Amino acid sequence: MSVETTTTESDTVRRILTESGDTWAIVGLSSNRSRAAYQVAAVLQRFGKRIVPVHPKAETVHGEQGYASLADVPFPVDVVDVFVNSELAGGIADEAVAAGAKAVWFQLDVVDEEAYARTRAAGLDMVMDRCPAIEIPRLG
């Protein structure tokens with residue numbers, strides 16, 4: 001990976017975490033405390049982000065009302081953080097574009113190059129295979 005690519009990706013990570021907005025829909029977030037999504041959502045809350053759980057069970061998590069799908073969220077979301085497997089992630093990215101999100105974040109091990117290209121072509125910031133709970137403390 002070139003320095004230019006790394007810098008661009010780092011700039012995108014920083015922009016999403018600092019400029020894209022504070023309402024994060026977390027797709028795949030449930031009340032299961034052993035799942036990574038649960039822990040990441042807690043970190044995002046500690047850093048001032050409003051989390052919106054999106055999971056078929058529509059559970060309340062970390063004190064926030066859950067919704068069964070991204071389309072069910074009755075207010076704008078800024079960032080869509082995706083905790084589903086790579087095979088399903090592209091559809092979620094497309095839903096994020098349709099919902100008017102500013103950015104899409106694919107978690108560690110979630111990779112879909114075609115979805116990345118579509119999402120970027122639609123004008124959204126996007127990162128793949130990274131974790132905001134790891135990145136946000138690095139901002140200082």
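The values are calculated or read from the model by the stated rules, or taken from the named source; none is laboratory data. Keep in mind the model is a prediction, meaning the values are calculated, not measured. Cβ atoms come from the backbone with ideal geometry, glycine included; neighbour counts cover every protein chain shown.
Could we say that Ala96 is surrounded by 16 or more Cβ atoms within 10 Å (Cβ to Cβ) and touching a His at 6+ places or on another chain (Cβ under 9 Å) here?
no
Filtering region 32-67 down to residues that are farther than 23 Å from Ile16 by Cβ and of a type in the set (Lys, Arg), which residue is surrounded by the fewest Cβ atoms within 10 Å (Cβ to Cβ)?
So the residue we want is Arg33.
From the set of residues in region 57-89 that are of a type in the set (Asp, Glu) and outside any helix (DSSP H, G or I), which is nearest to the chain's Cα centre (by Cα)?
Restricting to residues being of a type in the set (Asp, Glu) and outside any helix (DSSP H, G or I), the top hit is Asp81.
Please specify each residue of region 91-140 satisfying the condition of being among the charged types (D, E, K, R) and closer than 19 Å to Thr23 by Cβ.
Glu95, Lys102, Asp125, Glu135, listed by residue number.
Are any residues in region 114-136 farther than 17 Å from Tyr38 by Cα, touching a residue at least 12 places away in the same chain (Cβ under 8 Å) and either buried (at least 19 other Cβ atoms within 10 Å of the Cβ) or of a type outside the set (A, V, I, L, M, F, W, C) (or both), and if so, which ones?
If the condition is that a residue be farther than 17 Å from Tyr38 by Cα, touching a residue at least 12 places away in the same chain (Cβ under 8 Å) and either buried (at least 19 other Cβ atoms within 10 Å of the Cβ) or of a type outside the set (A, V, I, L, M, F, W, C) (or both), then Glu114, Ala115, Tyr116, Arg118, Thr119, Leu124, Asp125, Met126, Val127, Met128, Asp129 are the ones that fit.
Does Gly140 fit the bill of being out of contact with any Asp or Glu (no Cβ under 9 Å at 6 or more places or on another chain) and not hydrophobic (A, V, I, L, M, F, W, C)?
Considered against the rule, which asks whether it is out of contact with any Asp or Glu (no Cβ under 9 Å at 6 or more places or on another chain) and not hydrophobic (A, V, I, L, M, F, W, C), Gly140 comes out as yes.
Test each condition in (1) under 17 Å from Leu17 (Cβ atoms); (2) touching a residue at least 40 places away in the same chain (Cβ under 8 Å) for Leu70 and report the one that comes out false.
That leaves (1) as the condition not met.
Any residue at all in region 6-16 that's at positive phi, modelled with pLDDT of 95 or more and either over 12 Å from the mean Cα position of the chain (by Cα) or not acidic (Asp, Glu) (or both)?
no
Ala37 - would you say it is of a type outside the set (Ser, Thr, Tyr), in a helix (DSSP H, G or I) and touching a Gly at 6+ places or on another chain (Cβ under 6 Å)?
So Ala37 passes the test.
Answer yes or no as to whether Ile92 is out of contact with any Lys or Arg (no Cβ under 6 Å at 6 or more places or on another chain) and in a helix (DSSP H, G or I).
Yes: the conditions hold for Ile92.
Of all the residues that make up region 96-125, how many are among the aliphatic types (A, V, I, L, M) and under 19 Å from Thr8 (Cα atoms)?
Total meeting the criteria: 9.
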